[in-house]
Amino acid sequence: MDLDSMEKILQYAQESGKAIWEIVLESDMENRMVSREASWEKMRHTWRAMVESADSYSGQRRSRSGLVGGDGQKVSDYYATHASIGGTFTAQVIAQALAMGENNACMRRIVAAPTAGSCGVMPAVLIPLWRREQIPEDRMLEALYVACAIGGVIASRASISGAAGGCQAEVGSASAMAAGALTYLQGGSAPQIGHAVAMAIKNLLGLVCDPVAGLVEVPCVKRNVAGAMNAIAAADMAVAGVESRVPVDEVIDAMGDVGRRLPVEFRETAMGGLAVTPTGRAVQQRMQQSRKRQRTLTIKDSRWKLATAPADAPAEGEA
Amino acid sequence: MIDIFDILGPIMVGPSSSHTAGAVRIGRMGRTLLGCQPKTAKIHLHGSFAVTGVGHGTDRALVAGLLGMKPDDLAIPDSFELAEKQGMQFSFDEIHLKDAHPNSVLMELEGAEEGQKLQMQACSVGGGQIQVTSLNGVAVNFTGAYNTLIIQNRDDRGYIADITTTLSRARVNIANMSLSRGHRGGDALMVIETDERIPPVVLQFIREFTGILHITYYEKEDE
């Protein structure tokens, strides 16, 4: 079946008695013309790539601009030695969201979920829960299929691209996918998954995409934390029985509408918001100067290395 | 219909699916179409590729692709050093391409042997998807999402029939096909995108038709 309406999927799940993950799995088999095993194994590969990326984090790495790196480690060190305000689990989620966002900015391998800029949200909530509850891997894969249904519906009704719909379409979509996956893992019903998705999106509606110097660094990395925490709140509310007053498909359509009406300055162009603050402009100028220095140089020219690894951006490397 | 592994995926080296993963794919496409590892590569960046390319690692990603890497290769950030080791020379500058997508690049590639030359313009259209828009100055349009056969032939009757019949007999289904030529009776360019892979023996068979000047085959990335 087409993944273009949450309500259609939820209704089909109730009528057929099939789980949502199973409906999505079958839809993938049909769409890509692959066997059940092939689809399942590709999802397993995707999950393991996520976990591997989380495990490969190092707080020593810095991004090419030098703006990003080390914050995930700071939060990990903090909850290891202090009782954090939100408790250990919350601190783990925050640390994981930062670490994955930093991995992305530092040119490490990540799983776009649904985009590279929002790749921290899903692993931030799923990996700490998986470890704490010792959830079997197969059940995690089922939760990922549920998340795919949500992302697929958002992509077909609204957008998952910051250039088209602002950050609400990237971190907002990631948060909705994570909320649905968490609700599933927490034993929520199909309608509860719908409410979790609706509430997660509503809470981030209107979030603009305003990256400093146009880079996937500031504020993207920390917004992954917002997306992750929002997902936990939405899932807990949904399983507790809290319902979204506006049905999920209408919420997704509203997000698409807001995205289309967002001025272009707030859609990944680095022409508004944080990107045009004095600090944002200064970073942009610094990046432009390093670009001018490298112009027309070749690898044979020793100045090339000076230009591509300025003193304020330590070269990242394998730890 | 949306592929769920475009929602949860691709598995890629960051930071940007368009500026990094797409750039690797463009470089790799250039290498494939050249038919060998380039000895020299002049890379001209346009629009957003020029403006935010350094911060996104677009430069390193393009070189990584020219070295044959895929978007999830952890060595992408080290591509400049690897290129130096392998004796590949490259240079970057900025260019303004008329009516081009903001994430566009023009590459002039040369192989070690005489005659190995390619000029390719391509753009990264989002989510890691790419589009080749020009080959040696001839406008084309293909994405690398399919197996792609590019045939340069004399502009004369019968070639299309011969080639499509050969593919059909080999049980290869054509998904998209486009034709272009500079002028009547000159050289023509045929781009055929197929669902199935084209066996080497079939490629060899087509290569030996009279009037076929050059054949290039790009096989899509493994699942």
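The values are calculated or read from the model by the stated rules, or taken from the named source; none is laboratory data. A quick note: this is a predicted structure, and the numbers were derived from the prediction, not measured. With ideal geometry, Cβ positions are generated from the backbone for all residues, glycine too; neighbour counts draw on all protein chains shown. SASA here: full protein model, heavy atoms, side chains in, ligands and nucleic acids out. Shrake-Rupley method; radii C 1.70, N 1.55, O 1.52, S 1.80 Å.
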Evaluate the range B:173-215: find the radius of gyration of its Cα atoms, find its Kirkwood radius, and give the ratio Rg to Rh.
-> 1.00
Excluding A:Ala112 itself, what net charge comes from residues whose Cβ is under 12 Å from its Cβ, given Lys and Arg +1 and Asp and Glu -1?
-> -2
With r defined as the distance between the Cβ atoms of A:Ala282 and B:Asp162 and R0 fixed at 60 Å, what FRET efficiency is calculated, to the nearest 0.05?
-> 0.45
Add -39500 (n - 2.57) for each DSSP H run of 4 or more in chain A, then divide by its residues: what number comes out at 222 nm, to the nearest 500 deg cm²/dmol?
-> -21000 deg cm²/dmol
Along the Cα-to-C-beta direction of B:Asn141, a point sits 7 Å from the Cα; which residues of the range B:90-133 have their amide N less than 12 Å from that point?
-> B:132-133
Given the convex hull of the Cα atoms of the range B:1-130, what is a quarter of its surface area in nm²?
-> 8.0
Run the dipole for chain B about the Cα centre, Lys and Arg Cβ at +1, Asp and Glu Cβ at -1, nothing else charged, and hand back the magnitude in debye, nearest 20.
-> 480
Between A:Ala234, A:Val93, A:Ile20, whose Cα lies farthest towards the positive end of the dipole of the range A:6-278 when Lys and Arg beta carbons carry +1 and Asp and Glu beta carbons carry -1, centred on the Cα centre?
-> A:Val93
1.4 Å probe, heavy atoms, protein only - residues of the range A:194-223 losing at least 20 Å² accessible area vs chain alone | A:Gly214, A:Leu215, A:Val216
Distance (nanometres) between label positions extended 7 Å along Cα→Cβ at A:Glu250 and B:Ala170 | 5.6
Express in whole angstrom the spacing between the alpha-carbon centres of the range A:83-104 and the range A:176-202.
-> 21
Which semi-axis lengths, in whole Å and largest first, follow from the square roots of five times the eigenvalues of the Cα gyration tensor of the range A:109-154?
-> 19, 14, 8
Along each of its three principal axes, how wide is the spread of alpha-carbon positions in chain B, in whole angstrom units, largest first?
-> 50, 41, 35
Just need the relative contact order of chain B here, percent rounded to a whole number, with Cα pairs under 8 Å and 6+ apart.
-> 20
Summarise the partner chain shielding of A:35-47 as one whole number: the mean count of Cβ atoms from other chains within 10 Å of each residue's Cβ.
-> 2
Hey, any idea what % of chain B's accessible area is carbon plus sulfur with a 1.4 Å probe?
-> 47
Cα gyration tensor, the range A:99-212 - rounded (a/c under 1.5), prolate or oblate = oblate
Mind pulling up the Rg/Rh value for the range B:145-203? Radius of gyration and Kirkwood radius, both on Cα.
-> 0.97
Counting all C-alpha pairs of the range A:17-122, share separated by more than 19 Å (%) = 55
Cα axis of helix A:87-105 to longest principal axis of chain A: angle in degrees, 0 to 90, nearest 10?
-> 60
About its Cα centre, what dipole magnitude does the range A:6-278 give when the only charges are +1 on Lys and Arg Cβ and -1 on Asp and Glu Cβ, stated in debye to the nearest 20?
-> 620
CD proxy, 222 nm, chain B: helix-only mean residue ellipticity via -39,500 (n - 2.57) per DSSP H run with n ≥ 4, per residue, nearest 500, stands at -8000 deg cm²/dmol
Cβ-Cβ FRET estimate between A:Val264 and B:Glu221, R0 fixed at 35 Å, reported to 0.05 = 0.60
For the range A:164-219, just list the percent of Cα-Cα distances falling in each 5 Å bin from zero outward, please.
-> 4, 22, 23, 18, 14, 9, 7, 3, 1
Extension gain from A:Arg48 to A:Val34, taking 0.36 nm per residue of separation minus the Cα-Cα distance | 3.0 nm
In degrees, nearest 10, range 0 to 90: what is the angle between the Cα axis of helix B:22-34 and the longest Cα principal axis of chain B?
-> 40
Taking Cα atoms only, helix A:36-55 is inclined relative to the longest principal axis of chain A by an angle, in degrees rounded to 10, of 40
Could you calculate the FRET efficiency of B:Gln89 with A:Lys18 from 1/(1 + (r/R0)^6), where r is the beta carbon distance between them and R0 is 51 Å, rounded to 0.05?
-> 0.35
What's the buried accessible area, both sides, between B and A using a 1.4 Å probe, rounded to 100 Å²?
-> 4200
For chain A, with every protein chain kept in place, what is the accessible area per residue (1.4 Å probe, Å²)?
-> 41
Accessible area expressed per residue, chain B, with surrounding protein chains retained (probe 1.4 Å, Å²) = 44
Semi-axes of the protein assembly as shown's equivalent ellipsoid from the Cα gyration tensor, sqrt of 5 times each eigenvalue, largest first, rounded to whole Å?
-> 40, 30, 20
If you roll a 1.4 Å probe over chain A with all protein chains in place, what percent of the accessible area is carbon or sulfur?
-> 53
Alpha-carbon Rg/Rh ratio, for the range A:6-278, with Rh computed the Kirkwood way | 0.96
